[in-house]
1. All but one of (1) part of a helix (DSSP H, G or I); (2) over 11 Å from HIS187 (Cβ atoms) hold for ARG64; state the number of the condition that does not hold.
2. Could you identify the single residue in SER145, SER156 that is at pLDDT below 90, of a type outside the set (A, V, I, L, M, F, W, C) and either under 21 Å from LEU73 (Cα atoms) or within 14 Å of the chain's Cα centre (by Cα) (or both)?
3. May I ask you to verify whether ALA51 is at pLDDT below 85, in a helix (DSSP H, G or I) and of a type in the set (Gly, Ala, Ser)?
4. Can you find, within the stretch 159-205, the residue that is farthest from the chain's Cα centre (by Cα) among those that are among the charged types (D, E, K, R) and assigned to a helix (DSSP H, G or I)?
5. I want to confirm something. Restricting to the stretch 244-256 and keeping residues that are surrounded by fewer than 17 Cβ atoms within 10 Å (Cβ to Cβ) and modelled with pLDDT of 75 or more, which single residue is farthest from VAL166 (Cα to Cα)?
6. Do you know which residues across the stretch 72-106 are closer than 18 Å to VAL27 by Cα, among the small types (Gly, Ala, Ser) and surrounded by 19 or more Cβ atoms within 10 Å (Cβ to Cβ)?
7. Can you tell which of VAL79, VAL88, VAL36, VAL6 is outside any helix (DSSP H, G or I) and modelled with pLDDT of 85 or more?
8. When you scan the stretch 207-238, how many residues do you find that are modelled with pLDDT under 75, surrounded by fewer than 18 Cβ atoms within 10 Å (Cβ to Cβ) and not in a loop (DSSP other than H, G, I, E, B)?
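The values are calculated or read from the model by the stated rules, or taken from the named source; none is laboratory data. Quick caveat: nothing in here was measured; it's all calculated off a predicted structure. Note that we place each Cβ from the backbone using ideal geometry, even for glycine, and neighbour counts take in every protein chain shown.
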Amino acid sequence: MDPAFVVLGLVVGTLVGMTGVGAGSLVTPALAMSGVPPAIAVGTDLAYAAATKSLGALVHRAQRTLDLRVAGLLAAGSVPAAAFTITVLAATGGYATNSLITGVLAAALILTALALLTGRVRVAAFASRYEASIAPIRTALTIASGAALGVLVTISSVGAGALGAVLLVALHPDMPAARIAGADIAHAVPLTLVAGLGHLWLGNVDLALALNLLAGSLPGIVAGSLLAGRLSDTLVRRLLAFVLLYAGARLAFASV
């Protein structure tokens, strides 16, 4: 056991429990900036995320907030896109993969931060104005959004949480928040599983590192869930957004 990575898992798990933002937004940049090769950081985080998202999906199923239809539509786009992206990554070679991952990771972190700063209420209010135009093509748009997430998450491990939730709010503005979260987490299970297995095939998963992160994050998620009602969600999300902006900017400069 490496205490530093266990503590990282604990911090990340606590923040995820408080904010609902996917662990990839925090774990992958932290690993990349601590010297772990970008491809290993992404692959390890995807393996770690598949376990944590599965636990989250079980909780939502118990609470009957699991919308399998919407999650299935997202997965219909994201799972094939993830498999295709793994094939492309395998063909690019190690150096090209690391360069590509660093650049996409930086962009994904900045997009996630902007999504956090925008807020779901504003997105839902904006989307409601165009409901008449969205309704006839909602199914196709949901599948297309899943495909975009499949590519982004497979390359960077970031996007299944905050970005996925924002896309769902935009496409399904009348869906209750709990069902949005349930569909988002349920969709992330097959996506991170396929992407994680792909990175395992590429040799990009450090299983010992993933277990260290899990050892800290599982109790952290419980602690964060207990703290969620006691701290300002808006304040926590804004602070997290600025942390992600900093991490994104730092990685963007590193990839130039």
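1. Among (1) part of a helix (DSSP H, G or I); (2) over 11 Å from HIS187 (Cβ atoms), ARG64 violates only (1).
2. Numbers: SER145 fails: at pLDDT below 90.
Of the residues listed, the single one that is at pLDDT below 90, of a type outside the set (A, V, I, L, M, F, W, C) and either under 21 Å from LEU73 (Cα atoms) or within 14 Å of the chain's Cα centre (by Cα) (or both) is SER156.
3. On the way: at pLDDT below 85: yes; in a helix (DSSP H, G or I): yes; of a type in the set (Gly, Ala, Ser): yes.
Yes; evaluated as a whole, the condition is true for this residue.
4. Start the filter on the stretch 159-205 by keeping residues that are among the charged types (D, E, K, R), which leaves 174, 179, 184.
Filter once more, so that each one left must be assigned to a helix (DSSP H, G or I): 179, 184.
Working: ARG179: 17, ASP184: 9 Å.
Applying the filter and picking the extreme gives ARG179.
5. So, considering only residues that are surrounded by fewer than 17 Cβ atoms within 10 Å (Cβ to Cβ) and modelled with pLDDT of 75 or more, the one farthest from VAL166 (Cα to Cα) is PHE253.
6. ALA106
7. Values: VAL79 fails: outside any helix (DSSP H, G or I); VAL88 fails: outside any helix (DSSP H, G or I); VAL6 fails: outside any helix (DSSP H, G or I).
After applying the criteria, what remains is VAL36.
8. Within the stretch 207-238, the first condition is being modelled with pLDDT under 75, and the residues that meet it are 221-222, 224-237.
After this cut, where a residue has to be surrounded by fewer than 18 Cβ atoms within 10 Å (Cβ to Cβ) as well, the list is 222, 225-235.
When the remaining residues are screened for being not in a loop (DSSP other than H, G, I, E, B), the result is 222, 225-227, 233-235.
Of the residues in that region, 7 qualify.
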